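Notes for the one structure printed next.
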Amino acid sequence: MQRIYLNPAAVSHPEMKKFVDGLQVENDNLILALHAVENHFGYIPREVAAFLAERFRIPMARIYEVITFYHYFRTKPPGRHLITVCNGTTCWLFQSEKLLQMAHEFKTNLPEEKQREVSIEEVRCIGCCALAPLAYIDGQLHPYLNAEIFQQELEKVISCEDKA
Amino acid sequence: MKIRLNFDSNAIAAGAAYVGEALQRELGKTWQIIKVGTNGLSYADPQIEVEAEHLPAVIFGKLNAHNIAYLLEDFFQHGLFPREEFFRSGGCILGGRTFMKKRGGAITHILVSDTSLPLQDKNRAYVLSLLSRFFSPGQYAWALDFGFYNRGFAIEIFPQSEVYAGFSIEELPELFGLLSQGQGLAIHKRFSEPLQLRLVSKNCGRMSAESIEEALQLGGYDALQTSLKKLSPEAVISEVEKSGLRGRGGAGYPTALKWKLTRQEKNFPKYVICNADEGDPGAFMDRSLLESDPHRVLEGLILAGYAIGAEQGYFYIRAEYPLATQRIRRAVEEARQYGFLGKNILGSGFSFDVKVRLGAGAYVCGEETALIASLEGKRGSPVPRPPYPSQRGLYGKPTCINNVETLATIPEIILRGGDYFSTIGKGKSLGTKIFAVSGQIAKTQLVEVPMGMPLKILIYDICGGLPAGKQLKAVQTGGPSGGFVPASLLDIPLTYEDFLAIGSIIGSGGLIVLDESVNLAEFMLFYLNFNVDESCGKCAPCRIGGFQLRHLYQELLAGADAERQIAKIKRIAYAMKLASLCGLGKAACNPIFSSLHFFPEDYKLWAKKNISTVP
Ligand SMILES: Cc1cc2nc3c(=O)[nH]c(=O)nc-3n(C[C@H](O)[C@H](O)[C@H](O)COP(=O)(O)O)c2cc1C
Ligand code: SF4
Ligand code: FES
């Protein structure tokens, strides 16, 4: 969760094909391949899925069946800013849903072109329940959140960038 | 001189990297700083444990950029417990958990704490001022936690590293007086036994999780070497059978039986899989084992392979656990270099290797048949059993799937003997079990205790009960497939049988403590959201039933007539329990029945006057 993804728009089709051809995948295991693709691009671009279908000689439908089944795989590129709130049971007890709601409100209050840059996701427990509630903002994990800290952290991320 | 720094996901998220850098910079020349996994005391991260001849062996917890300076100066430079500012800026000291050898000599330091519940520090100032009459500043300090509660005032003296408890506040002046005159031995009868029994997690937090050398020093791979030299696969199975070990992944199936059935099959090759999917939200036992003692889990997997006659093993680790994955990968590589994996292991003729696979965020993939499909690269849809994986599993071959903790227990059983293991526990629930206690609990942590221990002892006497001012309502066990233990039944022994009898399960070991402010109908809606999200959609009872139930709960919480809603909920839940294909759908209704049974009033609170149904 702490990767910097390629900008998919900047990746050409031949490059995608080259990436797929270069994948070393044991037993043509589709999930291993999809993990590699997601790690590289941040999501599974449709073009890459098509190249995978070609390479593994399976229908596109079977690839999408797998992609859509697993929460981990994205079919759209995540925004430049990724907010992932843990919504496991312990975090829920400590008001994670309020954090989620705050994240969405924060996003809606941004100027329109900024909104597209922010993605909000949920995860079901990352096993650090002692620090509940927690959330990742751009790969950085924030423990013991409350409304005030969360709001500050969200604002930090966006305002930093405005200055840059 | 060693400093052990917790460095698992939890500690890192809490800021352990910063602490590690500061320590390395200031003390790196003279101290060995070891990044361990977790000692289990997750609530106190970032924390360090000190091991040195001239200093008390204690844990300093909740370290941060402010308080670490006091620690460095007072403790590491001057050998004194840190000044009050250390505590005021969040720091704490934990006692009573040392691995140091006991030493004699005049008392140099003393830790004190009040272990009476409910937790409060109301006597802290008084006791510290009392101590100041007998000891000089920096010789004494207040401890946050000794690992036990409900035993009055407790002290630990150094360099002896001995803990005494059970003092009343009136006894303290005399006690401190005696101690300051070097007459500590007079109080020997007060020694308090540890409540935990750490067998499986005994090395967690003691060694680097990224060094096979350290694992070997603490007995890693001894069980494998013994088995390969002295025990036939049948003898390994028989040792496990004697131990009475049952699967720790939730279902509690006898491990030896599963191994026997898989061994029996004449179809080759066979596979063993370590189920490291840990999908139960709120549980972190498996993550902690994988991140703290990966070699133990790996050794268990190799032994399972040896026992059933498999040459290929797999780890299936959830994608949300990148650090666990990294440490297991490293452990596998190191084990290969040391000849514990590969062809003809240690000249025994037994060959075995391991691959690491990742999940992709699907709870249902913890279910055996779904896990197998996922390993094969497909979507994780369960299939009906039989045939069981022991007959037809991965790639259609006999496959044995075990949970992380189950496997981590195996080396201990081989080394100590199955008979020893079976003397611990109660009824058909033998050995020790690791629990992850979280929620409204004073000290969120991992606890390993003999099975059969009353839940109440675990919650109160080990974890310190609920935070000040909170009242216990129930303990949630077994996650979305489990149920609730109401406060009135808190004496229940932690066994598979006792939990079954009240309509719950121990599950994998996640215990979530709920206080009076939680409404269980609301809580159920949260679980139903989870189940609807996670249902694979293959069979109608679960796919549609879950959806319907969620809708009924939404109506209920919006004020619909409780009686009618409950009747409908029950009807659908029964159908779903009976007709669902896999454990996810079957068990999804357990917490519904459990909450309805124990907390019917929570369902009635929502009814709005004059509205019988919601449109
Ligand atoms: C929906 C569902 C999810 C499960 N999730 C897990 C899991 O995350 N980890 C686990 O070890 N077992 C899980 N199980 C239990 C496994 O299917 C299986 O019983 C267990 O891994 C067997 O190992 P054991 O006998 O060592 O416990 C799950 C079962 C179901 C039905
Ligand atoms: S019970 Fe639910 S998760 Fe299991 S097979 Fe049926 S739909 Fe899928
Ligand atoms: S519930 Fe959020 S980390 Fe476990």
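With neighbours defined as other Cβ atoms within 10 Å of a residue's Cβ, the residues B:Glu448, B:Glu291 order from fewest to most as B:Glu448, B:Glu291.
What you get for segment B:520-609, charging only the Cβ of Lys and Arg (+1) and of Asp and Glu (-1), is a dipole of about 320 debye around the Cα centre. Panel note: the C-alpha atoms of the protein assembly as shown, placed on their principal axes, show extents of 83, 77, 61 Å (largest first).
In a simple Cβ point-charge model (Lys, Arg +1; Asp, Glu -1; nothing else charged), segment B:212-421 has a dipole of about 700 debye relative to its Cα centre.
Both numbers refer to the Cα atoms of segment B:428-515; Rg and Dmax are 11.6, 37 Å. The HN-Hα couplings worked out from phi for segment B:466-473 by the Karplus form 6.51 cos²θ - 1.76 cosθ + 1.60 (θ = phi - 60°) are 7, x, 3, x, 9, 9, 5, 10 Hz, whole numbers, x standing for Gly and Pro. Peptide B:361-370 has a mean shielding of 2, counted as Cβ atoms of other protein chains within 10 Å of each residue's Cβ.
Below 8 Å, C-alpha to C-alpha, sequence gap of six or more: please give me the relative contact order for segment B:428-515 in percent. Over segment B:428-515, the number comes to 36 percent. Each Lys or Arg adds one and each Asp or Glu takes one away; over the other residues whose Cβ falls under 13 Å from the Cβ of B:Gly349, this sums to +1.
Sites listed here are chymotrypsin sites (Phe, Trp or Tyr not before Pro) in segment B:343-373 whose DSSP assignment is loop and whose Cβ has at most 16 other Cβ atoms within 10 Å, and the list is empty.
Take the alpha carbon gyration tensor of segment B:143-273, find the square roots of its eigenvalues, order them as a ≥ b ≥ c, and report rounded if a/c is under 1.5; if not, report prolate when a/b exceeds b/c, else oblate. Prolate shape, in that a/c is at least 1.5 and a/b is the bigger ratio. Antiparallel beta bridges, as assigned by DSSP with both residues in chain B, represent about 60 percent of the total such bridges.
Bridges between two residues of segment B:212-421, per DSSP, are antiparallel at a rate of about 10%. How would you classify chain A from its alpha-carbon gyration tensor, with a ≥ b ≥ c the square roots of the eigenvalues: rounded for a/c under 1.5, else prolate if a/b is greater than b/c, otherwise oblate? The shape class here is prolate. In segment A:24-96, which trypsin sites (Lys or Arg not before Pro) fall in coil by DSSP and have 11 or fewer other Cβ atoms within 10 Å? The qualifying sites are A:Arg57. Name the residue farthest towards the positive end of the dipole of chain B from the options B:Leu346, B:Gln548, B:Asn203, assuming +1 on Cβ of Lys and Arg, -1 on Cβ of Asp and Glu, about the Cα centre. Ranked along the dipole, the leading option is B:Gln548. For chain A, adding -39500 (n - 2.57) for each run of n ≥ 4 DSSP H residues and dividing by the number of residues yields -15000 deg cm²/dmol at 222 nm.
Residue pairs exceeding 20 angstrom between C-alpha atoms, taken from A:Lys156/B:Lys62; B:Lys428/B:Lys577; B:Lys538/B:Lys586; B:Lys397/B:Lys586; A:Lys76/A:Lys114: A:Lys156/B:Lys62; B:Lys428/B:Lys577; B:Lys397/B:Lys586.
For B:Lys608, the lysines whose Cα comes closer than 27 Å to its Cα, not counting residues fewer than 8 places off in the same chain, are A:Lys98, B:Lys473, B:Lys568, B:Lys570. Under the rule a/c < 1.5 gives rounded, and otherwise a/b versus b/c splits prolate from oblate, where does segment B:285-427 land using the Cα gyration tensor? Cα axes put segment B:285-427 in the rounded bin. Projecting the Cα positions of B:Leu231, B:Trp259, B:Gly219 onto the charge dipole of segment B:200-259 (unit charges on Cβ atoms of Lys, Arg, Asp and Glu, taken about the Cα centre) puts B:Trp259 furthest along the positive direction.
Using only Cα atoms, find the angle between the long axis of helix A:96-108 and the longest principal axis of chain A, and express it within 0 to 90 degrees, rounded to the nearest 10. Between helix and principal axis, roughly 80 degrees.
Helical runs (DSSP H, four residues minimum) scored at -39500 (n - 2.57) apiece and divided by the length of chain B put the mean residue ellipticity at 222 nm at -10500 deg cm²/dmol.
Counting only other chain Cβ atoms within 10 Å of each residue's Cβ, the peptide A:131-141 averages 2.
Entry for segment B:2-189 at q = 0.15, 0.16, 0.17 Å⁻¹: log10 I(q)/I(0) = -0.87, -0.99, -1.11, Debye formula applied to identical alpha-carbon scatterers, no solvent contribution. Each listed q (0.19, 0.30 Å⁻¹) maps to a log10 I(q)/I(0) for segment A:8-69, found by the Debye formula over equal Cα scatterers with no solvent: -0.62, -1.63. For B:Gln445, the amide hydrogen comes within under 5 Å of the amide hydrogens of B:Val437, counting only partners 5 or more places away or on other chains and with H modelled in the peptide plane. Mean projection of the Cα convex hull over all viewing directions, computed for chain B: 28.9 nm². Going by neighbour counts of Cβ atoms within 10 Å, the residues A:His35, B:His551, A:His40 line up, fewest first, as B:His551, A:His40, A:His35.
Counting neighbouring Cβ atoms within 10 Å and putting the fewest first, the residues B:Ile505, B:Ile302 line up as B:Ile505, B:Ile302. Most simply put, the protein assembly as shown has about 55% antiparallel DSSP beta bridges, counting only bridges with both residues inside it. When Rg and the Kirkwood radius Rh are both evaluated on Cα atoms of segment B:515-615, their ratio Rg/Rh stands at 0.97. Near B:Ser381, within a Cβ-to-Cβ distance under 12 Å, what is the net charge of the other residues, with Lys and Arg +1 and Asp and Glu -1? Taking every Cβ under 12 Å from that of B:Ser381, the sum is +1.
Contact order for chain B, expressed relative to its length and based on alpha carbon pairs under 8 Å spaced 6+ residues apart, stands at 12 percent. The mean count of C-beta atoms from other chains within 10 Å of the C-beta of residues in A:66-77, rounded to a whole number, is 4. Can you compute log10 of I(q)/I(0) for segment B:389-454 with the Debye formula, treating each Cα as one identical point scatterer, at q = 0.28 Å⁻¹? Each listed q maps to, in turn, -1.15. Candidate membrane-span-like segments in chain B, meaning DSSP H helices with Cα atoms spread over at least 15 Å of their own axis and a Kyte-Doolittle mean of 1.6 or above, do not occur, with no membrane implied either way. Under the combined filter of DSSP loop state and at most 12 neighbouring Cβ atoms within 10 Å, segment A:76-164 retains none of its GluC sites (Glu not before Pro).
Here, each number is a calculation from the coordinates, and none is a lab measurement. Being a predicted model, the structure only gives us computed values, none of them experimental. Neighbour counts are summed over all protein chains in view; Cβ atoms, including those assigned to glycine, are modelled from backbone coordinates with ideal geometry.
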